[in-house]
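Below is one structure, written out as structure tokens; the observations come after it.
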Amino acid sequence: MTVPHQDPAERRVVVTGPPRRTRRTSGYYRPRTEIDEQTTLGHTYVRSLMRTQLRAALAVFAVLVLLIGPLPLLFAAMPDARRLEWAVLGFGLYVPLVLLARWYVRRAERNERDLVRLVEDR
């Protein structure tokens, strides 16, 4: 009795999808992969970046509170100075707010560059 020979193309199975295991070579460290795969170390990197960004945002908020917070008290102490109020609110705060915004953006970009440099240098 002879078994009919099957065509090799009929027996071939195509498997699609991500591999179930990743092969890690010893001694080779890839922090970018750690971040992408959301491992504990990658989570630590991202959490560190978020903490530094939060620190910068809180510093900006503190300066805003110190800059704008006393203004109602100042305006209440001088009830007849309507023009001064508009001058301070319209023109006097513009430059400090722009400078504060520029500082924050530069600080945030520097924090991100520092993380990228840390991740790519290893």
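Given (1) more than 22 Å from Arg117 (Cβ to Cβ); (2) at pLDDT below 85; (3) part of a helix (DSSP H, G or I), where does Thr44 come up short, assuming only one miss?
That leaves (1) as the condition not met.
Okay, residues lined up against (1) modelled with pLDDT of 80 or more; (2) among the charged types (D, E, K, R); (3) surrounded by 10 or more Cβ atoms within 10 Å (Cβ to Cβ):
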site	(1), (2), (3)
His5	no, no, no
Arg12	no, yes, no
Arg32	no, yes, yes
Arg51	yes, yes, yes
Ala62	yes, no, yes
Leu71	yes, no, yes
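So Tyr94 clears everything in (1) under 21 Å from the mean Cα position of the chain (by Cα); (2) among the hydroxyl-bearing types (Ser, Thr, Tyr); (3) exposed (fewer than 11 other Cβ atoms within 10 Å of the Cβ) except one condition, right? Which one?
Failed condition: (1).
Output the residues belonging to the stretch 97-122 that are open to solvent by 90 Å² or more (accessible area, probe 1.4 Å) and not acidic (Asp, Glu).
Once the filter is applied, which keeps residues that are open to solvent by 90 Å² or more (accessible area, probe 1.4 Å) and not acidic (Asp, Glu), the stretch 97-122 yields Leu99, Arg102, Trp103, Arg106, Arg110, Arg113, Arg117, Arg122.
Would you confirm, using the coordinates I've provided, whether Phe75 is at pLDDT below 90 and at negative phi?
Values: at pLDDT below 90: yes; at negative phi: yes.
The answer is yes for Phe75.
The values are calculated or read from the model by the stated rules, or taken from the named source; none is laboratory data. Worth saying up front: this structure is predicted, and the values here are computed from it rather than measured. Methodologically, a virtual Cβ is constructed for each residue, glycine included, from the backbone with ideal geometry; neighbour enumeration extends over all protein chains shown. Heads up: the accessible areas ignore ligands, DNA and RNA and are worked out on the full protein's heavy atoms, side chains in. Shrake-Rupley method; radii C 1.70, N 1.55, O 1.52, S 1.80 Å.
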